[in-house]
Amino acid sequence: MELAALLLFALLAWILMGRTLVAAATLATFLPFIALTSFGAGSGEAVETLGGMAGIKGIMRFGGASLFVYLLGTSKGTLRDLFQGPSLLALGFFVWGLLGILGSAHPLVSLIRLSEWFVFFLGAVVINDRIARTGGAVALLRFCLLGVSPLIMLLFYTLVVHPEKAFETRAMDGLSRLGGLSMDPNSIGVLGAVLAIGAATYWRLCWEHRTRRKNLLATVLMVVGIYLLMITRSRTALLAFTAGSMFLLWGAANKNKVVHARLLLGCLLFICALVYFREQLFLWTLRGDDVEVLLSGTGRSDLWVGLVTEAFPSRPILGHGYMMLGPTGPYLAHGTPWSNAHNAFLFALVSTGIVGFGLTVWMASLAARSLLIRRVVRRSDKLEWIGRQGLGAIFVVILVDSLADYGMVGHPTAAMFLYQILFVYSYFGGRKRESST
């Protein structure tokens, strides 16, 4: 039933996305993030969840990759994008990662995961050429939101039909949070944040067009996104959503004194709400842990120190291999194996060495400069300006998520694919708009 529901939701999204090959390839890439077979970084064993759909979803991912390669090969302009600008940084990261596989404890796992990262990049190049360069930031934002919509619809389907698969319950204290067998709670939280911010951007666009019905739909989607975020109880996703929302609000304020006054009033009301619900917020944030555990990032601080002082110095140039944090795969901290660095930049440092780390920081810096700082769209093109602010806010969400989870590199997630799309758009999409205005 889950597979049938997923395909039905994907078919609906494909129709709304224009019934094109690039839409099919994008959906085939996004769909496996629900209950995808995941290769453990330390053991290399496959784990199947949610009705044994792993094999079918593996075929989906391969089909999506094949479509992206086909579309890439049929357009000389798209193919040229692979060998200019920031694309060379992504190619360099991929090649350097291949060299690091030679020292990996599980070369096949490293190769598969690194190849997935590279396929996301290839897909991003195709999407930018077929969507962003023809429709601009607003079209790209709509395309990305529709691309992740089947995941969100299936989450609600499992929430209603199979709640035992929708929620993850801790044995020690009975704490429940949305996740379980369907998807990692933090990943769902980030999707909720992306949906809420994307819907808020569309609310602004609808306000400009004075379309009340679409405004109502955007409001409903905002509520849905925030609801997903809250029931996952993901602290990282909440911080990411807050940062992205602040960026979006600051861009909306512009130089208009009336908007600034409304923004100030909204912030005051928000602060009052935080004070009023401080006890509930405190308990939600603790999630059953004590304050010391919270301040240590649930053990992340000790992990980060160990990765920098022990794991990185042992293989500083090539790293331990993509997805690997130690000689045997995971990093052992006080007898506990860690396969997730909980920081994309530290992950790149340990698994791909100092060169891979430098390329990761360089790529993120270029995207941040274009999406968050540099003005490449004239304010007279107001709709495009709003759409670009929405994409920038989503980039902020992924950037903050990368500081405490995989985010932009590592184990494949929907956030990683979105990051690749934004990274490519930040150079090629923005440059086209700049030259045309």
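Kindly provide the set of residues from the stretch 53-81 that are of a type outside the set (A, V, I, L, M, F, W, C) and either assigned to a loop (DSSP other than H, G, I, E, B) or surrounded by fewer than 14 Cβ atoms within 10 Å (Cβ to Cβ) (or both), ordered by number. Matches in the stretch 53-81: GLY55, SER66, TYR70, GLY73, THR74, SER75, LYS76, GLY77, ARG80.
Scanning the stretch 324-363 for residues being aliphatic (A, V, I, L, M) and either farther than 20 Å from SER187 by Cβ or in contact with a His (Cβ under 7 Å, 6 or more places away or on another chain) (or both) gives a total of 10. Annotation: GLN84 fulfils all but one of (1) assigned to a helix (DSSP H, G or I); (2) under 20 Å from LEU366 (Cα atoms); the unmet one is (1).
Per-residue answers, yes or no, for (1) modelled with pLDDT of 85 or more; (2) loosely packed, with under 12 Cβ neighbours inside 10 Å:
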{"site": "LEU217", "(1), (2)": "no, no"}
{"site": "VAL220", "(1), (2)": "yes, yes"}
{"site": "ALA243", "(1), (2)": "yes, no"}
{"site": "ALA253", "(1), (2)": "no, no"}
{"site": "LEU263", "(1), (2)": "no, no"}
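Only one of the numbered conditions (1) within 20 Å of the chain's Cα centre (by Cα); (2) closer than 21 Å to ALA237 by Cβ; (3) without any contact (Cβ under 8 Å) to a residue 40 or more places away in the chain is not met by SER365, and that is (2).
Residues that are at pLDDT 90 or above and closer than 27 Å to LEU303 by Cβ number at least 2 in the following helices (runs of 4 or more DSSP H) confined to the stretch 325-437: 344-368, 382-402, 414-424. Contact map, the stretch 146-166: first residue touching a residue at least 40 places away in the same chain (Cβ under 8 Å), second residue outside any helix (DSSP H, G or I) and not aliphatic (A, V, I, L, M), Cβ cut-off under 8 Å, separation 6 or more or different chains; pairs are LEU154/SER182; LEU155/SER182; THR158/SER182; LYS165/GLY180; LYS165/SER182. Just one of the listed residues (ALA132, ALA139, ALA46) is small (Gly, Ala, Ser) and at pLDDT 90 or above, namely ALA139. Checking the structure you have, find out if any residue of the stretch 277-298 is in contact with a helix residue (DSSP H, G or I) (Cβ under 7 Å, 6 or more places away or on another chain), at pLDDT 90 or above and surrounded by fewer than 16 Cβ atoms within 10 Å (Cβ to Cβ). The answer is no; no qualifying residue exists.
Within the stretch 88-110, the residues that satisfy the criterion of being touching a residue at least 60 places away in the same chain (Cβ under 8 Å), surrounded by fewer than 21 Cβ atoms within 10 Å (Cβ to Cβ) and closer than 24 Å to GLY63 by Cα are PRO107, LEU108. Would you please name the residue that is surrounded by the most Cβ atoms within 10 Å (Cβ to Cβ), looking only at residues in the stretch 111-136 that are in contact (Cβ under 8 Å) with a residue 40 or more places away in the chain and among the β-branched types (Val, Ile, Thr)? It comes out as ILE127.
The values are calculated or read from the model by the stated rules, or taken from the named source; none is laboratory data. It should be emphasised that the depicted structure is a prediction, and the values quoted were computed from it without experimental measurement. Every residue, glycine among them, receives a Cβ derived from its backbone with ideal geometry; neighbour counts consider all protein chains shown.
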